[in-house]
Each structure stands twice: as structure tokens, then as C-alpha cells.
């Protein structure tokens, strides 16, 4: 089955299974749904996120990119040249998920955030704007793409971001060594099962009961869904939330282990 057909099939299943707030019996998840996921307020930072997105999509500069993830196929990496705007269009998801990243960070106020996959910097920017006190370490495999993201951070005067460039397999240990605890992790890099599980297990060593991990594209392919199933059933995970595009896991104590499929 092609990835497209797989995703369509999984979206149909998600659509039938998703629940609104009135069907949620967990106080923690009910509050998450009503105050964060389905929050319809218009925050001032949204304008900056939308402006940065338009800027990226309209950027006609050509750069050479390196892909260490699923885009490389069976190779360890792949290189190609592309316009920044075309790259941003391919790698930029629906704006509602960037705004959700903003609300999640604004609500839980994590102090230390690690991101796998900076790309053009929109997700990093969304989280940075949500909490000026947060220290964000964002990792990107391609130096030229990281430079594009850095220009965005500088344009919007975001000073709470450190960018680490290199293959995640080579730079993750060093970056984790400099972090006492991980309050939030956003996994949006290598969209393959084994690397995703490996990164999850490494980050788990720095998690606390208040941490939350966000996974992008959990239904992107069969192997990503397999990884998501293993992660949400991990003994350390107390609550998991499936939003189709995003999967979020929490490690809270005193909460009955449950899995939720929620509407946005």
C-alpha cells in the first residue's frame, strides 16, 4: 500500500474514532482539550508565525539540502538542490499545528525543549514565542536549511534558541549531556520506526513526571504508526493523545493509563 493510500485510510479511521470534550472522562485530558487543543483565541504571536510562514513560502533562493531521514530512502543520506519556498511547502504542515505547538508550550511552560528537525524554523519559532523563558535546542541535519531557519530567528529577534547541526545519531548524545531534564521534546526528524524509537528511549532518560513529548506524522507510514503504538504503550507513558498529525505522550503519576483520539 502506498503511503498516500495508507494515510487516507488512517485519516478515515481517525475521523470515525475522534472524540470531542463532552466524551472525555479524564479531568487532565478534558482541560487539555478545552483549554489548549480547541482553544480558538487569537494570540498576538500568531501574526508573527503567519508572517514567517509567508516569508518562507515566498523565498526563491536555491540551496543544496541533505536528508538523513526517510527522504533518503535506503541510502544513509541524499542531497539535492531546491528553492527554499518549494522546500518549505514540502516540509511545512498545516498552520493549525504550528499554532497548537504555540498553545502547548504557552500552557505547560516547559523550561527546556529539544527539537528533532528544525527545517525552516517555523515549529521552533512557534515554541520560542510561547515561552521567552524556555531554552530551546533544535537539531537539524542540513547546514543550509539550518541557516535559513537561523535567518528567521534573527529576523524575529528570538534569542532563546540554540541550533545544533548534524546527523541526529552523531549529535544527540552530546546535546543530551548538556541538559539536566527535558520538559518537552518535539520529534519531527527521521520519520522511520527504529530511529524514532531510539531517539525516544534516549530522551526518556531525561524526562520527568511533568514532561511531554510530541511526535509529528504518527500516521505517515506503517512503520511510523508501529513506532507510535510502541511509544504510547510504553510503561512510562501514562496518557497518550492522537490528533492524527500529532501524537502527544505524558508521563504524569497518579493518572490511570489511557489513550485518547481527540478532535481539534
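The values are calculated or read from the model by the stated rules, or taken from the named source; none is laboratory data. This structure is a prediction, so every number in the text was calculated from the model and none was measured. Every residue, glycine among them, receives a Cβ derived from its backbone with ideal geometry; neighbour counts consider all protein chains shown.
Identify, please: which residue in segment 142-158 is at pLDDT 95 or above and in a loop (DSSP other than H, G, I, E, B) and is, among those, surrounded by the fewest Cβ atoms within 10 Å (Cβ to Cβ)? Of everything passing the filter in segment 142-158, 157 is surrounded by the fewest Cβ atoms within 10 Å (Cβ to Cβ). Go through the residues of segment 16-36 one by one and say whether even a single one is closer than 29 Å to residue 163 by Cβ, touching a helix residue (DSSP H, G or I) at 6+ places or on another chain (Cβ under 8 Å), at pLDDT 95 or above and part of a helix (DSSP H, G or I). Within segment 16-36, one or more residues are closer than 29 Å to residue 163 by Cβ, touching a helix residue (DSSP H, G or I) at 6+ places or on another chain (Cβ under 8 Å), at pLDDT 95 or above and part of a helix (DSSP H, G or I).
Out of curiosity, is residue 172 touching a residue at least 12 places away in the same chain (Cβ under 8 Å), within 13 Å of residue 117 (Cα to Cα) and assigned to a helix (DSSP H, G or I)? If you could, list the steps in order and put the result at the bottom.
Numbers: touching a residue at least 12 places away in the same chain (Cβ under 8 Å): yes; within 13 Å of residue 117 (Cα to Cα): yes; assigned to a helix (DSSP H, G or I): yes.
Answer is yes for this residue.
All of 159, 192 fail the test of being within 25 Å of residue 130 (Cβ to Cβ) and out of contact with any strand residue (DSSP E or B) (no Cβ under 8 Å at 6 or more places or on another chain), apart from 159.
Scanning segment 13-35 for residues that are touching a residue at least 12 places away in the same chain (Cβ under 8 Å) and either surrounded by 15 or more Cβ atoms within 10 Å (Cβ to Cβ) or more than 23 Å from the chain's Cα centre (by Cα) (or both) yields 14, 18, 21, 24, 26, 28, 29, 32, 33.
Within segment 49-83, the set of residues being under 18 Å from residue 165 (Cα atoms) and at pLDDT 75 or above comprises 63, 64, 65. Evaluated against (1) without any contact (Cβ under 8 Å) to a residue 12 or more places away in the chain; (2) not in a helix (DSSP H, G or I), residue 201 falls short on exactly one condition, (2).
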